1. With a probe of 1.4 Å, find how much accessible area the range 79-136 has per residue, and write the answer as a whole number in Å².
2. Ignoring any ligand, DNA or RNA, what whole percent of the accessible area of the range 78-160 comes from carbon and sulfur when the probe is 1.4 angstrom?
3. Once you place label points 7 Å from the Cα toward the Cβ at Thr25 and Ile162, how far apart are they in nm?
4. In nanometres, what is the gap between the two model label sites at Phe187 and Val138, each 7 Å from Cα along Cα-to-Cβ?
5. So how much accessible area does Tyr183 have, in Å² to the nearest 10, using a 1.4 Å probe?
6. Using r as the Cβ-Cβ distance of Glu108 and Phe172, and R0 as 22 Å, what FRET efficiency do you calculate, to the nearest 0.05?
7. Sort out for me the Cα centre separation of the range 213-230 from the range 39-85, rounded to whole Å.
8. Can you give the FRET efficiency for Val216 and Thr116, using 1/(1 + (r/R0)^6), R0 = 30 Å, r = Cβ-Cβ distance, to the nearest 0.05?
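The values are calculated or read from the model by the stated rules, or taken from the named source; none is laboratory data. Just so it is clear, the model here is predicted, and its values are computed rather than measured. In this analysis, Cβ positions are derived from the backbone assuming ideal geometry, glycine residues included, and neighbour counts consider all displayed protein chains. Calculation scope for accessible area: heavy atoms of the full protein, side chains included, ligands and nucleic acids excluded. Shrake-Rupley method; radii C 1.70, N 1.55, O 1.52, S 1.80 Å.
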Amino acid sequence: DPELDLSVKLKTRTVLLVLVEIALTIPVIMMLWWVFGYMGGVAWSSTTTYKFNWHPIAMIIGMFFLFGNAVIAYRLFPFNLKTNKWIHAVLHLLAVGFIIFGLVAVFEYHSDWGYTDLYSLHSWIGIVTSVGYIIWAVLSVGVFQDVDPRKNLSLRKWFKPIHIVVGMFLLFGAIFAIETGIYEKAFFRLFSGSLDYTNYSTESWLVNVMCLSILVALLFLIYILYTIPRIIVSSAAKPDDRKPIIPLEEVDQKVREPAAEGGTEFGSMSDHVTPTAVQATN
């Protein structure tokens, strides 16, 4: 039954969306708890160490929460293809802004206090991933977010698999950078400082659970990326008018027509998709 099939798929996607949003939000809340509950909060003064605290907040929001939401936009967000595409791009650009702010915060903090830059494994992974992410996000937006979707079709077709593979490497790099950064800060505070990481303090529990929750969120993202197909039909249509969700991969095969037949590479959408589905995607 197509209607039942659609209902099940929509419910499954909704449940997954709620679960992954919870998984992405919990580490951010825990980071805010760590910064404001244990590290004294934030400030932009060069006379305090609180300027550094902007760095972990900005990075976990940009490289984890926004990046993670951008990754699932095509698969779980209940909008049409065009809307999800713009959400995907805007989330990545917002993440770029947070990453740049986080880098400025940590470099200025090091400059204020005379600390060496880029000496640890965390900083090496972090700077490579951050710079790579900024370049790749801007480049990808330039390639895919064209006003006229019929332009640069061959370039987009060639660039798409590279875009996905590099994006996955950047996602793993972001997670590694965040995990090593949290541990490095915990080491400075709890091993090298007056506190003790080995006495099961509340702060040590918070740090460990936060790192584990980030890994759980990563598993959710991987599961969604490799098991949930992208969709092009909006779930906003009335129940009586809904058509089965069409995986984007199927549409790519159905609507492409040889250029020799006189059409564009994508052909005519109306020839292959029902009128209700076309209305839902506009």
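1. Values: 3140 Å² over 58 residues.
Heavy-atom accessible area per residue stands at 54 Å².
2. Working: 3500 of 4820 Å².
Roughly 73 percent, rounded to a whole number.
3. 3.8
4. It is 3.2 nm.
5. 120
6. Working: r = 28 Å, r/R0 = 1.28.
With R0 = 22 Å, the Cβ-Cβ based efficiency is 0.20.
7. Each part reduced to its Cα centre gives a spacing of 18 Å.
8. Details: r = 34 Å, r/R0 = 1.13.
With a Förster radius of 30 Å, E is 0.35.
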